[in-house]
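Quick notes on the structure that follows.
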Amino acid sequence: MSKRPAYYHFLGCIIPHRYPSIEKATKLVFNDLGIDLLDMVGASCCPAPGVFGSFDRVTWATIAARNLTIAEQGGHPITTGCNGCFASLWDSNHELKEDEELRAAVNRNLADIGREFKGTIEVTHYLDVLHDVVGTQKVKEHVTRPLNGVRMALHPGCHWMRPKLVKKKDDSERPHIFREICETSGAKYVHYKDELICCGAGGAVRTADLKTSLDFTKQKFDSIAAAGGADVIVTPCPFCLLQLDTGQVEIQKLFGVEYKFDIMHVSELLALAFGHEPDEFGLANHLQYSQRKTEPNWERLNLRAKAKATA
Amino acid sequence: MAENWGQLKSFEGKKFEALDAEFTKEVSKLIGGQDLTACFQCAKCSAGCPVSDKVNIQVHELMRMLLFGFREVLDTDMVWLCTTCYQCQQRCPQGIEITDIIFGLKNMAFRKGITPPGYVTSRKALYDNGKLYEPTDWERDDLALPPVPHLDVAETRKVLGKTGLMRLQEGE
């Protein structure tokens, strides 16, 4: 029997602290697929690329490298379900392997805490594991509850695949990998004009100017509506999810426009398609539901009967 | 608290100091800055930029300001409203790493204390807690999730002390 692939699971800040449902769904899905996720004791913030990349490159790279050394010591690659964490960890790993000057500066900082960046591991996103290691065909074989008839809009976000010449993941002007993974769920892909623009939160614009950042989010929602609407919006990033999810509540307050989209992380979409119940991973705990005192639109998601049965 | 960033709202009636070759030289050393002179102002960057319709000064104008050596570029809203989506960089026909240049400009602006207040709050959170959010324990308990793996904040604080995160701004 071949050994199960094992990854250090980099949780980041948003997943465990704001959307633990994503963490739970990921654990269910990866366990179903026969992949081990290892706890990363001692991990800090990645650090958030938009914020900490804006202060000082060496500081950003040092904190990221400290996280990388935890995985290097254990000898397993990292996987993360956040485009932001992926950006900081992947980019710093890449830059530290290429840029000797940066590496020397970072290792001088790390020496004080008895660590050293060696450049011995790789950083992956869940999408890489699902697509390159498991394969979409095998993902599909685990689908026991296809989400037939559910209209699904996608928000791939930016930092898993951009800049494309450096990341070499997908053609970020015409991406297909994220779509293929989501389509294994059986939901119907809905194309809309602004699929590839930022969610609005990126680069910490959410931190700089909330209203401007929500302006984009609104543009995205309007673009989906113009394409005939969608029952769910799926993203591979919890920061995008936060923006699309709580952004609806904030947009209502600031612009007086009401949107009612259910937003899911790709792990949550797959957990449902793999037959897990929404209660098993806390789908209804998403912040927009607690803030609005509502729940997911079970009927639209084809989950009504199941949800009632378990209630 | 008065906003101190994005204060250059228009070129209209604005008188700039003589071209500052030193500043252009300085930004040429940023990542991506070595290709600054390759910019021929096609404005494809601004055409693909999702904030073009939301900012006072657009990306191609920012690029021109760098070539002209206008230090006032650090006061444009484009610097802090860049979402780092990399669209400009990917579409630049001259292959200029525009997003990387903007990251470098943010580093320069931050040192001068030109930054949205939220960034300063996040900096403190990283130093104090090593993370940007605190866990909601009951929610994790409900989902039978174990506690978030332990982080020794003393270690991250020590390394941040060494990098000087809390003393980056001039006069701190």
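Report yes if A:M40 is of a type outside the set (K, R) and at pLDDT below 95, otherwise no.
Numbers: of a type outside the set (K, R): yes; at pLDDT below 95: no.
In short, no.
Does B:K112 satisfy the condition of being surrounded by 14 or more Cβ atoms within 10 Å (Cβ to Cβ), facing chain A (nearest Cβ under 8 Å) and on the phi < 0 side of the Ramachandran plot?
On the way: surrounded by 14 or more Cβ atoms within 10 Å (Cβ to Cβ): yes; facing chain A (nearest Cβ under 8 Å): no; on the phi < 0 side of the Ramachandran plot: yes.
The answer is no for B:K112.
Listed residues B:K131, B:K54; which is among the basic types (K, R) and surrounded by fewer than 23 Cβ atoms within 10 Å (Cβ to Cβ)? Walk me through how you get there before you give the answer.
Working: B:K131 fails: surrounded by fewer than 23 Cβ atoms within 10 Å (Cβ to Cβ).
B:K54 is the lone residue from the list that is among the basic types (K, R) and surrounded by fewer than 23 Cβ atoms within 10 Å (Cβ to Cβ).
Quick check, is B:K158 of a type outside the set (F, W, Y), surrounded by fewer than 18 Cβ atoms within 10 Å (Cβ to Cβ), farther than 17 Å from A:P49 by Cα and facing chain A (nearest Cβ under 7 Å)?
Numbers: of a type outside the set (F, W, Y): yes; surrounded by fewer than 18 Cβ atoms within 10 Å (Cβ to Cβ): yes; farther than 17 Å from A:P49 by Cα: yes; facing chain A (nearest Cβ under 7 Å): yes.
Taking the combined requirement at face value, the residue satisfies it.
Among the residues of the range B:61-89, which ones are farther than 19 Å from B:W5 by Cα and crowded, with 21+ Cβ neighbours inside 10 Å?
Those that are farther than 19 Å from B:W5 by Cα and crowded, with 21+ Cβ neighbours inside 10 Å: B:C85, B:Y86, B:Q87, B:C88, B:Q89.
Search the range A:189-209 for residues being among the aliphatic types (A, V, I, L, M) and at the interface with another protein chain (Cβ under 9 Å from one of its Cβ atoms), and hand back the single one that is nearest to A:P156 (Cα to Cα). Walk me through it before giving the result.
From the range A:189-209, those among the aliphatic types (A, V, I, L, M) are A:190, A:196-197, A:201, A:204-205, A:208; that's our starting set.
So of that shortlist, the ones also at the interface with another protein chain (Cβ under 9 Å from one of its Cβ atoms) come out as A:196-197, A:201, A:204-205, A:208.
Working: A:L196: 7, A:I197: 9, A:A201: 13, A:A204: 17, A:V205: 18, A:A208: 23 Å.
Going through the qualifying residues, I end up with A:L196.
Quick one: what pairs do we get from the range A:65-92, first residue under 11 Å from A:H125 (Cβ atoms), second in a helix (DSSP H, G or I) and β-branched (V, I, T), C-beta under 7 Å, 6+ apart or different chains?
A:T79/A:V129; A:G81/A:I15; A:G81/A:I22; A:G81/A:T26; A:C82/A:I14; A:C82/A:I15
Return a yes/no flag: does the range A:82-98 have any residue that is within 24 Å of A:I35 (Cβ to Cβ), assigned to a loop (DSSP other than H, G, I, E, B) and assigned by TED's automatic domain parsing to the domain that holds A:R66.
Within the range A:82-98, one or more residues are within 24 Å of A:I35 (Cβ to Cβ), assigned to a loop (DSSP other than H, G, I, E, B) and assigned by TED's automatic domain parsing to the domain that holds A:R66.
So which residues in the range A:258-299 are under 12 Å from A:Y19 (Cβ atoms) and touching a His at 6+ places or on another chain (Cβ under 8 Å)?
Answer for the range A:258-299, where residues must be under 12 Å from A:Y19 (Cβ atoms) and touching a His at 6+ places or on another chain (Cβ under 8 Å): just A:I263.
Within the range A:46-55, identify whether any single residue is surrounded by fewer than 24 Cβ atoms within 10 Å (Cβ to Cβ) and either outside the structural domain of A:A273 (by TED's automatic domain parsing) or at pLDDT 95 or above (or both), and answer yes or no.
Taking the range A:46-55 and keeping what is surrounded by fewer than 24 Cβ atoms within 10 Å (Cβ to Cβ), we get none.
Within the range A:46-55, not a single residue is surrounded by fewer than 24 Cβ atoms within 10 Å (Cβ to Cβ) and either outside the structural domain of A:A273 (by TED's automatic domain parsing) or at pLDDT 95 or above (or both).
Restricting attention to helices (runs of 4 or more DSSP H) lying wholly within the range A:1-76, give those where 1 or more residues are more than 15 Å from the chain's Cα centre (by Cα) and within 9 Å of chain B (Cβ to nearest Cβ). Write out each step before concluding.
Working: elements: A:14-18, A:20-32, A:49-52, A:57-74.
It comes to A:49-52, A:57-74.
Is it true that some residue in the range A:132-145 is exposed (fewer than 15 other Cβ atoms within 10 Å of the Cβ), closer than 30 Å to A:L33 by Cβ and in contact with a Gly (Cβ under 7 Å, 6 or more places away or on another chain)?
Yes, the range A:132-145 contains at least one residue that is exposed (fewer than 15 other Cβ atoms within 10 Å of the Cβ), closer than 30 Å to A:L33 by Cβ and in contact with a Gly (Cβ under 7 Å, 6 or more places away or on another chain).
Matching residues to (1) modelled with pLDDT of 95 or more; (2) surrounded by 16 or more Cβ atoms within 10 Å (Cβ to Cβ); (3) outside the structural domain of A:E258 (by TED's automatic domain parsing); (4) more than 20 Å from the chain's Cα centre (by Cα):
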| position | (1), (2), (3), (4) |
| --- | --- |
| A:T184 | yes, yes, no, no |
| A:L196 | yes, yes, no, no |
| A:G200 | no, yes, no, no |
| A:T207 | no, yes, no, no |
| A:F216 | no, yes, no, no |
| A:D222 | yes, no, no, yes |
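Being in a loop (DSSP other than H, G, I, E, B) and within 28 Å of the chain's Cα centre (by Cα) is the filter here, so list the residues in the range A:99-115 that pass it.
Step one: list which residues in the range A:99-115 are in a loop (DSSP other than H, G, I, E, B), which gives A:99, A:112-115.
Matches in the range A:99-115: A:D99 only.
So in the range A:150-168, with the set limited to residues that are part of a loop (DSSP other than H, G, I, E, B) and within 12 Å of chain B (Cβ to nearest Cβ), which one is farthest from A:P236 (Cα to Cα)? Before the answer, list the steps.
Here is the first cut: in the range A:150-168, the ones part of a loop (DSSP other than H, G, I, E, B) are A:150, A:155-163, A:168.
Those left that are additionally within 12 Å of chain B (Cβ to nearest Cβ): A:156-163.
Working: A:P156: 6, A:G157: 7, A:C158: 10, A:H159: 10, A:W160: 9, A:M161: 11, A:R162: 14, A:P163: 17 Å.
Per the criteria, the residue is A:P163.
Against the condition assigned by TED's automatic domain parsing to the domain that holds A:T59, basic (K, R) and in contact with a helix residue (DSSP H, G or I) (Cβ under 8 Å, 6 or more places away or on another chain), how does A:R162 come out, does it pass?
Details: assigned by TED's automatic domain parsing to the domain that holds A:T59: no; basic (K, R): yes; in contact with a helix residue (DSSP H, G or I) (Cβ under 8 Å, 6 or more places away or on another chain): yes.
No; evaluated as a whole, the condition is false for this residue.
Give the range B:115-153 a look and list any residue that's under 17 Å from A:N67 (Cβ atoms) and more than 7 Å from chain A (Cβ to nearest Cβ), or say none.
Across the range B:115-153, the qualifying residues are B:A125, B:Y127, B:N129, B:V153.
Which residues, taken from the range A:103-120, are more than 10 Å from chain B (Cβ to nearest Cβ) and either without any contact (Cβ under 8 Å) to a residue 12 or more places away in the chain or not hydroxyl-bearing (S, T, Y) (or both)?
To start, the set of residues in the range A:103-120 that are more than 10 Å from chain B (Cβ to nearest Cβ) comprises A:103-104, A:107, A:116-120.
Residues satisfying the conditions are A:R103, A:A104, A:N107, A:E116, A:F117, A:K118, A:G119.
Criterion first (closer than 23 Å to A:C158 by Cα and without any contact (Cβ under 8 Å) to a residue 40 or more places away in the chain) does B:Q94 satisfy it? Quick ask: steps written out before the conclusion?
Numbers: closer than 23 Å to A:C158 by Cα: yes; without any contact (Cβ under 8 Å) to a residue 40 or more places away in the chain: no.
No: the conditions fail for B:Q94.
Taking B:C85, is it at the interface with chain A (Cβ under 8 Å from one of its Cβ atoms), under 30 Å from A:L196 (Cβ atoms), in contact with a Cys (Cβ under 7 Å, 6 or more places away or on another chain) and not aromatic (F, W, Y)? Show your work before the answer.
On the way: at the interface with chain A (Cβ under 8 Å from one of its Cβ atoms): yes; under 30 Å from A:L196 (Cβ atoms): yes; in contact with a Cys (Cβ under 7 Å, 6 or more places away or on another chain): yes; not aromatic (F, W, Y): yes.
Judged against the criteria, B:C85 is a match.
The values are calculated or read from the model by the stated rules, or taken from the named source; none is laboratory data. In this text, all values refer to a predicted model and were calculated from it rather than measured experimentally. Using ideal geometry, Cβ is built from the backbone for each residue, glycine included, and neighbour counts are taken over all protein chains shown.
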